[in-house]
Amino acid sequence: MNSTLVFFTIFCFTSISICLADNDNVWDACPTDTATKETVFINGFPCKKPSSIAAADFKTSNLKQAGDTDNFIRSSVNIVTAADFPGLNTLGLSIARTDLDLDGMVMPHSHPRATELFFLRKGIVLAGFIDTNNTLFQSLIKEGDVFLFPKGMLHFCLNAGYEPAIAFSVMSSQNPGVVSISGAIFETDRELIDRMTRRLISVGATNMANFSRIHIQ
């Protein structure tokens, strides 16, 4: 076996090992450097200098306040990513708060880059998703329950109780993205979106909530 073949064999095995290795961080943490103007676009955000990292980078109060549910669907979703919470940068996580007023609902949508763990802090909620075989998976969840929305799956939730509901989510991407079905199809017609939303609430959502209440009494 000549030296060229030996080198090529070693190179191949080394390359395979590198490809199979985890893409781990090389620092303990890499909080977003919000003061630096981004001139080079990378898969994430520029990091702060290690010497300037502080405990405040790993704390956020952005989910303390309830969202504004004074709208047609009577709900609010506040997603906090690494752009708003520096400590999340490079960690592959984001967080969210969902507030649902009586009969409130979150319209069907998906997160193309993240799986979502939906933790119900207060209330009773009907949560579900639709897989690629158009199979519906839904469950009535109560305070303390967790429901999982797989990555990229169309999902929704509906307040099925007698009081406002609050939920917190953790998503497996620092920038999960949101694809809204109603927004994608009817983006240029605001009036049509409003009419469709009102129709869903008045006919579908209320009936679903009443059905759920009957079955939990």
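Okay, residues lined up against (1) within 15 Å of Pro176 (Cβ to Cβ); (2) under 14 Å from the mean Cα position of the chain (by Cα); (3) among the small types (Gly, Ala, Ser):
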| residue | (1), (2), (3) |
| --- | --- |
| Lys59 | no, no, no |
| Asp70 | no, no, no |
| Ile73 | no, no, no |
| Thr81 | yes, yes, no |
| Asn89 | yes, no, no |
| Ser94 | yes, yes, yes |
| Arg113 | yes, yes, no |
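Quick one: which of Ala96, Ala82 is closer than 30 Å to Leu126 by Cα, touching a helix residue (DSSP H, G or I) at 6+ places or on another chain (Cβ under 6 Å) and either open to solvent by less than 40 Å² (accessible area, probe 1.4 Å) or of a type in the set (Lys, Arg) (or both)? Reasoning before the result, please.
Values: Ala96 fails: touching a helix residue (DSSP H, G or I) at 6+ places or on another chain (Cβ under 6 Å).
Result of the check over Ala96, Ala82: Ala82.
Conditions tested, residue by residue: (1) in contact (Cβ under 8 Å) with a residue 60 or more places away in the chain; (2) open to solvent by 50 Å² or more (accessible area, probe 1.4 Å).
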site	(1), (2)
Glu116	yes, no
Ile124	yes, no
Phe129	no, no
Phe137	no, yes
Phe149	no, no
Met153	no, no
Phe156	no, no
Checklist line | Members of segment 64-79 that are open to solvent by 30 Å² or more (accessible area, probe 1.4 Å), touching an Asp or Glu at 6+ places or on another chain (Cβ under 9 Å) and not in a loop (DSSP other than H, G, I, E, B) | finding: Val77, Asn78
Check: Leu91 passes all but one of (1) at pLDDT 95 or above; (2) part of a loop (DSSP other than H, G, I, E, B); which number fails?
Finding: (1)
Notebook entry, point to check: Can you tell which of Ala127, Ala114 is closer than 22 Å to Gln174 by Cβ and small (Gly, Ala, Ser)?
Noted result: Ala114
Note to self: Where the second residue is part of a loop (DSSP other than H, G, I, E, B) and the first is β-branched (Val, Ile, Thr) and lies in segment 59-74, which pairs have Cβ atoms under 8 Å and are six or more apart or on separate chains?
What the structure shows: Thr60/Asp84; Thr60/Phe85; Thr69/Asp101; Thr69/Gly104; Thr69/Pro164; Ile73/Gly104
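For segment 144-151, does any single residue satisfy the condition of being assigned to a loop (DSSP other than H, G, I, E, B), touching a His at 6+ places or on another chain (Cβ under 9 Å) and charged (D, E, K, R)? So that I can check it myself, show each step before the final result.
First, pick out the residues of segment 144-151 that are assigned to a loop (DSSP other than H, G, I, E, B): 144-145, 150-151.
In the following step, the residues that additionally are touching a His at 6+ places or on another chain (Cβ under 9 Å) were identified as 151.
Narrowing the set further to residues that are charged (D, E, K, R) leaves 151.
Scanning segment 144-151 turns up at least one residue that is assigned to a loop (DSSP other than H, G, I, E, B), touching a His at 6+ places or on another chain (Cβ under 9 Å) and charged (D, E, K, R).
The values are calculated or read from the model by the stated rules, or taken from the named source; none is laboratory data. Everything numeric in this text was worked out from a predicted model, so none of it was measured. Methodologically, a virtual Cβ is constructed for each residue, glycine included, from the backbone with ideal geometry; neighbour enumeration extends over all protein chains shown. Just the protein is used for accessible areas: all its heavy atoms, side chains included, with ligands, DNA and RNA removed. Shrake-Rupley method; radii C 1.70, N 1.55, O 1.52, S 1.80 Å.
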